[in-house]
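All remarks here apply to the structure that follows.
The values are calculated or read from the model by the stated rules, or taken from the named source; none is laboratory data. Since we're looking at a predicted model, the values are computed, not measured. Cβ coordinates were reconstructed from backbone atoms using ideal geometry, including for glycine residues, and neighbour counts include every protein chain displayed.
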Amino acid sequence: MLWSRGIAVAALTAIATLSGLTLTHAQQKETARIAFLGPLTGGNSATGLGGRNSARLAVDSRNADPDRRYDYELVPLDDECLPNVGIQAATRAATDRSVVAGVTHFCSAVAIATVDVYNRFELPVVVWGAILPAITHGNDYPEVHRVNGSMLDESKVLVEFLTGLGYKRWAVIHDTTDYGTGYLAILREKLAGSDVEILSTFGVAADQQDFSAELLRVKEIDPQIVVFAGLTPLGVRVRSQMDRLGVRSQFAGISGIMSVSYHDALGSLSEGTISVHNSAPLETLPGGQMFVDEYAKAGFAEPPEPYGPYAFVATNLIIEAIEEVGANREAVRDWLNTVENRNSIAGPITFDEHGHNSVASTKYVAQDGRWVRWEDSLYAAGERMLSGR
Amino acid sequence: MAILLEYLFNGALLGVIYALVAVGFTLFFGVLDVIKFSHGDVLTLGAYSGLAAFVSLELLGLDLPVVSLIFVLVVAMLVTGLAGIAIGQFFVVPMRGSPAFNILLMTLMIGTAIHECIRLFVPGGANPKAFPTLLPRTPIEIGGAYIRLDSLLLLVLGIGVIVVTNWMVRHTKLGLAIRAVAQDGDTAQIMGIPFRRVVLATFALGSMLAGVAGVMNGLYYSEINFNVGVLLGVIGFSSAVVGGLGSIWGAIIGGFSFAALQTVWVLFFPEMSGYRDVFAFTTIIVLMTIWPTGIIAERYSERV
Amino acid sequence: MASENQWVIASALVASLFLSFGIARTKAGRDFAAILQNSGSWIVLLIPVAGLAIGLALHEEHFALMMLATVLIYALACIGLTIQFGYAGVINFAGIAFFGIGGYTAAVLGGMGLPSLLVLLAGGLVSAAIGCILILPVLRTKGHYAALITIAFVLLFRSFLEVNHTLGGPQGLRVESATIAGQSLFTGIRIGSFEASFYLNYVLLALVLLAIFFLMARFLEKSWIGINLDSMREDPVGAAVFGVNVAYWRIMSFVIGNVLIGIAGATFAMMQTFIAPSNFTFQQSLLMLAIVVLGGIGNLWAVIPAAILVVVVPEKLQAISEYRFLVFAILVVLVLRFRPNGLFPRSMRNFRKEVGQ
């Protein structure tokens, strides 16, 4: 009995191995593997899946090109938006010599933790969604690049935007990862010398459920605006509990809250939330329409989310590098470091000496369950009013 | 003053949810001397089945506010009740002779299996899910305090369920049987009380309370996630233990005390509000060191 | 990664399950278990020898070596748990918290430039010291109540780390890699044409630690202390009647167990070079307990195959990697329900040989 099972298992193994072998021999081109890292499960998975789909789109469209030098394969890995899980996934990708480069991370807290891993194992990476400046500027690792701009770009626009609307008395709620605290520090810096007063700041854990304590305090202070520096799941809770407790201040979130799932979770409560994002509306990007059409044609289950285009750009950049210099980590790294004014669907990309690409941020407001560019919104037109002014 | 009232109100609402969970623990322990740690995850199951009930109503195109609330609650209670019976029938009752550690670990793992199933097999189960608004959100002012009507209704609902449970245990035939088994299972059996049936009925009753608590929790936070039951389970267990396992009133008092601990901490140390759970659990550990079987000590004669 | 043949691993899993039952059921299996159990201390050398052989065979595979080191580190921590409730019957659901205390100690002290071996030791001692807070509650309570205390502790530990800024908060902390005898464990060994991954260093470190503490736990089990522990676990009142100081031995086993878990945690943190509160969830604590229960409560040797099962299999078999908590939860439930002594039950004491002579 035991033996017959053993034989069956062995036979199955043999068949599986053989079919694997025949498959690899049928192809002529070498395969270059590109890792994608982002939150594929957990509260931020909407953005992560949008990024993965966009990266896959870049890979698939290149694989359809008969003149390519390599076959490309995307290796998606889940960082769960947790630093320790991210490190494990990064190690996994970086120690696998068949992976040539990586398109890495949406969550700043994870991206800042993993840069050492990429440097140690010499895996060139292009960040597609994390905006903490230190990811590129806090080190001089030649492996690390970023296409999607940083908090510096974003916070500049945010401060101008909010002060321009006349919000002078702020309360800031931020998560206590490097993302939230990093943003707070930059906000403080930008606001120094202005007439804006930060009345109080609240650091909250990234998985906190109940905010009644913080929000009742906010209610006592009564600021004009609550600025939230964190990611969507936390932002949803804060916004929904503000309503339950009757906090009537205006709500603004940094780009971390800007995803389609914000509206899905909040329903009508999302109306009027303002935000700023490094990605412009797709229609206004140079290659945006092409991206929208291709993405729709590929039939992905999830929307690309605002950062999708950057994941596409990052993946495409890596593919272009491999096409030019071959599937070699060192060569790809060096090629990426010389990128200057290279056309992409999100406009020209230039990596500075830190491997960082600066972008211009766009102002948004939530209107009827969608993120609408501020300038095109009913709010800017004066038809709807923000609160707290 | 108004703010103080708001703190008090929110604390009370948390207290009701905790008490509902704690009563379940107390009932199980009363009849069988076991801790069924999957209770918290049964609560999660209740919340998700409530959500599923709502979604299916929506698919049918039915949009009747009061009816859908009742339907959601009934489905949640049905599912959790059945889950309670199944866990009792197949795992807890056959194991009741084993060491406490084995039953504890086994029910913990059953709980893990439940919430992992939700995470893996519910579409998008790993992400927080928005819970529907089933109650009117009209704001009302009481003594200058801002309170939403739905919060008030939740409080009333929770207290109502607890009162009904207490009445059932005190004044119905089933309640009498439960109390008899709790006092002395063997004697109860001799007196012709079907032991296994009563135990399973108790499991169903306790688990249904968890179903209600799960829906309430979802309505209160407008959000549920697969992990919500783990912490609520431990809080419910702590409450039951502090109140003295086996006593319903103890469980209720325990539930409110736990919420009070959290609220008091936040009231006095608003800058360190994040430490509220640390404080609450530390207090529990200290209390248990002083009174190793709860403040109202576990007494065999006065179970349930 | 993806090219790894899932079928091979799946069949290996099936084979190893059959094998495990085989070992427990057949005469040859029992003989083998008896050899492991009854031979002199030299038999423990099997661990470093086998570990070294596997390590050398894989010397260039970073990821495989990391998994190997992780298995060894988890095995070390589980020996701590075995001493606590396998031998002494002290319930501890907070294993991962003490593991975490060791890790955070390594993060804080490692940054100060202390010698790494000292940091490892400190990891164990700090975790035992913090564990001492729990001694009184754990001693005074029994059964469910004791379990509640350790569960409450593991939850408050995580919650504390999340909100405490000085220890990195949810962002976590970077941990200095170990340096032993002036040699950073971050640089792989190079001898002539032999070039190894730096993870091999950690495999070696973990092997040494595991062998030492395995031997220690074995001595403990086989000595009069082990008999005291067994008797008080089975019947505390009876043991006390025969003069066993129950409270003392419960404290001792709790403390010793925590030292081991803490050292394991410190080693793990140094190897990962990064730790965050999400490493130390209640869920992880249950996974650790699953290793002990699946292997067979109280059986030291069983810890190693069980650790391989729990740590390596989900990593290798990507099809189940997402389902690992579910799979192991169900496995533990089934084992507790139908085979409460585990896959490799602890064998009976052979008093004639050990004590009689």
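So here's what we get for this one:
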| quantity | calculated |
| --- | --- |
| Residues of region A:258-272 that turn out to be farther than 22 Å from residue A:310 by Cβ and either crowded, with 21+ Cβ neighbours inside 10 Å or of a type in the set (A, V, I, L, M, F, W, C) (or both), as a count | 4 |
| Complete set of residues in region C:26-44 that are closer than 20 Å to residue C:76 by Cα and of a type outside the set (Gly, Ala, Ser) | C:36, C:37, C:42, C:43, C:44 |
| Complete set of residues in region A:82-141 that are under 18 Å from residue A:279 (Cβ atoms), outside any helix (DSSP H, G or I) and among the aliphatic types (A, V, I, L, M) | A:103, A:126, A:127, A:130, A:131, A:132 |
| Criterion: touching a Leu at 6+ places or on another chain (Cβ under 6 Å) and in the same structural domain as residue C:136 (by TED's automatic domain parsing) - qualifying residue of C:200, C:229 | C:200 |
| Candidates C:83, C:47, filtered to the one that is assigned by TED's automatic domain parsing to the domain that holds residue C:256, among the aliphatic types (A, V, I, L, M) and closer than 25 Å to residue C:191 by Cβ | C:47 |
| Checklist (1) surrounded by fewer than 19 Cβ atoms within 10 Å (Cβ to Cβ); (2) touching a residue at least 12 places away in the same chain (Cβ under 8 Å); (3) more than 11 Å from chain C (Cβ to nearest Cβ) applied to residue B:100, failing item | (3) |
| Identity of the residue in region B:116-139, of a type in the set (S, T, N, Q) and in contact (Cβ under 8 Å) with a residue 60 or more places away in the chain, that ends up nearest to the other protein chains (Cβ to nearest Cβ) | B:127 |
| Restricting region C:130-167 to residues that are outside any helix (DSSP H, G or I) and in contact (Cβ under 8 Å) with a residue 24 or more places away in the chain, the residue that is nearest to the other protein chains (Cβ to nearest Cβ) | C:134 |
| Identity of the residue in region C:108-125, buried (at least 24 other Cβ atoms within 10 Å of the Cβ) and at pLDDT 90 or above, that ends up farthest from residue C:265 (Cα to Cα) | C:119 |
| Scope region B:31-76; condition of a type in the set (D, E, K, R) and touching a Lys or Arg at 6+ places or on another chain (Cβ under 8 Å); matching residues | B:33 |
| Some residue of region A:255-278 being closer than 30 Å to residue B:218 by Cβ, at pLDDT below 90 and β-branched (Val, Ile, Thr) | yes |
| Only one of A:194, A:150, A:255, A:155 that is surrounded by fewer than 18 Cβ atoms within 10 Å (Cβ to Cβ) and more than 14 Å from chain B (Cβ to nearest Cβ) | A:194 |
| Extreme residue, nearest to the other protein chains (Cβ to nearest Cβ), among residues of region A:258-280 that are part of a strand (DSSP E or B) and farther than 15 Å from residue A:303 by Cβ | A:275 |
| Hits in region B:140-150 - residues which are buried (at least 18 other Cβ atoms within 10 Å of the Cβ) and without any contact (Cβ under 8 Å) to a residue 40 or more places away in the chain | B:148 |
| Filter result (within 22 Å of residue C:122 (Cα to Cα) and not in a helix (DSSP H, G or I)) within region C:227-277 | C:273, C:274, C:275, C:276 |
| Condition broken by residue A:110, with the remaining ones in (1) modelled with pLDDT under 90; (2) buried (at least 24 other Cβ atoms within 10 Å of the Cβ) satisfied | (1) |
| Residue match in region C:298-309 (condition: in a helix (DSSP H, G or I), within 14 Å of chain B (Cβ to nearest Cβ) and modelled with pLDDT of 85 or more) | no |
| Residue within region A:252-269 that is in contact (Cβ under 8 Å) with a residue 12 or more places away in the chain, in contact with a Leu (Cβ under 9 Å, 6 or more places away or on another chain) and farther than 25 Å from residue A:110 by Cβ present | no |
| Residue satisfying condition, being within 25 Å of residue A:156 (Cβ to Cβ) and either in the same structural domain as residue A:127 (by TED's automatic domain parsing) or in contact with a strand residue (DSSP E or B) (Cβ under 9 Å, 6 or more places away or on another chain) (or both), within set A:291, A:351 | A:351 |
| Region B:26-55, subset of a type in the set (Gly, Ala, Ser) and either in contact with a helix residue (DSSP H, G or I) (Cβ under 7 Å, 6 or more places away or on another chain) or modelled with pLDDT under 90 (or both), residue farthest from residue C:142 (Cα to Cα) | B:53 |
| Which numbered condition residue B:222 misses (of (1) on the phi > 0 side of the Ramachandran plot; (2) within 16 Å of the chain's Cα centre (by Cα)) | (2) |
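Residue-wise test of (1) farther than 25 Å from residue C:180 by Cα; (2) within 14 Å of chain A (Cβ to nearest Cβ).
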| site | (1), (2) |
| --- | --- |
| C:244 | yes, no |
| C:247 | yes, no |
| C:251 | yes, no |
| C:261 | no, no |
| C:264 | no, no |
| C:281 | yes, yes |
| C:284 | yes, yes |
